[in-house]
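S.K.: Quick one: the structure is below, questions incoming.
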């Protein structure tokens, strides 16, 4: 029998066989039991946070949250106090607005710049483009803590060569702008890396057809790249939103910690009080802080897994 007579359709490829083995392994009974157990353990701290936030202060101070089974005492006064009570001393609603005002622009600006940069590095080939991409990728290993003080001095004093100023001081303290700019700087390396891996594997035939039809790069980017890159963009949007929303260090460094621009995380740190006596308020505020990230995550959940796998498999 000749080689041509072999029915190649019955011989699965190595990649397909490996994918089938992985699906089988993750669909087994033991894998399901492990995932359920891991999920339950992972959820316990959140349950404890919720229960503590609903307990009166005297019970929080004298017993653990798990004792609620024996002594079920609940109240909504903690949430009322945290959201609206006692004016500026405990109310966190203004700080929720501050966090939204910081997080949304910092996420959108990073996505806009990173998406255009990823398209340029993937499809506008030029001399040194691979080097530029490698440098951007390498910036991920630089701890942002190392750049906080130099960047803050740059904002406040500008840049000089000797006594000759080459860039003026920005004097942005007490405003949102330095926080937006800083989060954009810190988020761009990972964003460009993830989006480049996805965009570079878009069908080349589609790009060529668009060029033959007379489409310029901006039109290709707007009508082809952006719609097809939605999973990767949504996945990174979740990461960037959660990172900026949960950040405290960058906001305190570049916004000065003034109430006008202090994020929710900064206010939560103050709720517990000087002597750690207001844990019921801290847990209520922390649970409120979870709501908006959960809304963002579940809104973009359908894109999340596809975006995480962006660029990991070719073909």
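S.K.: Quick one: which of 101, 114 is over 30 Å from residue 271 (Cα atoms), at pLDDT 90 or above and assigned by TED's automatic domain parsing to the domain that holds residue 231? First the steps, then the outcome.
M.R.: On the way: 101 fails: over 30 Å from residue 271 (Cα atoms).
Exactly one residue qualifies, and that residue is 114.
S.K.: All but one of (1) exposed (fewer than 12 other Cβ atoms within 10 Å of the Cβ); (2) outside any helix (DSSP H, G or I) hold for residue 43; state the number of the condition that does not hold.
M.R.: Among (1) exposed (fewer than 12 other Cβ atoms within 10 Å of the Cβ); (2) outside any helix (DSSP H, G or I), residue 43 violates only (2).
S.K.: Does residue 61 satisfy the condition of being modelled with pLDDT of 90 or more and surrounded by 11 or more Cβ atoms within 10 Å (Cβ to Cβ)?
M.R.: Values: modelled with pLDDT of 90 or more: no; surrounded by 11 or more Cβ atoms within 10 Å (Cβ to Cβ): yes.
No, not satisfied.
S.K.: Here is a follow-up. What are the residues in region 277-315 that are out of contact with any helix residue (DSSP H, G or I) (no Cβ under 9 Å at 6 or more places or on another chain) and at pLDDT below 80, if any?
M.R.: Of everything in region 277-315, just one residue is out of contact with any helix residue (DSSP H, G or I) (no Cβ under 9 Å at 6 or more places or on another chain) and at pLDDT below 80, namely 314.
S.K.: Is it the case that region 124-146 has a residue that's closer than 30 Å to residue 239 by Cβ, in contact (Cβ under 8 Å) with a residue 60 or more places away in the chain and surrounded by 13 or more Cβ atoms within 10 Å (Cβ to Cβ)? I'd like the intermediate steps shown before the answer.
M.R.: Let us first name the residues in region 124-146 that are closer than 30 Å to residue 239 by Cβ, namely 124-126, 128-146.
Right, trim to in contact (Cβ under 8 Å) with a residue 60 or more places away in the chain and you get 124, 133, 144-145.
The next check asks that each one be surrounded by 13 or more Cβ atoms within 10 Å (Cβ to Cβ); those that pass are 133, 144.
Yes - at least one qualifying residue is present in region 124-146.
The values are calculated or read from the model by the stated rules, or taken from the named source; none is laboratory data. None of the values given here were measured: they were computed from a predicted structure. Because the Cβ atoms are built from the backbone with ideal geometry, glycine has one as well, and the counts that use them run over all protein chains shown.
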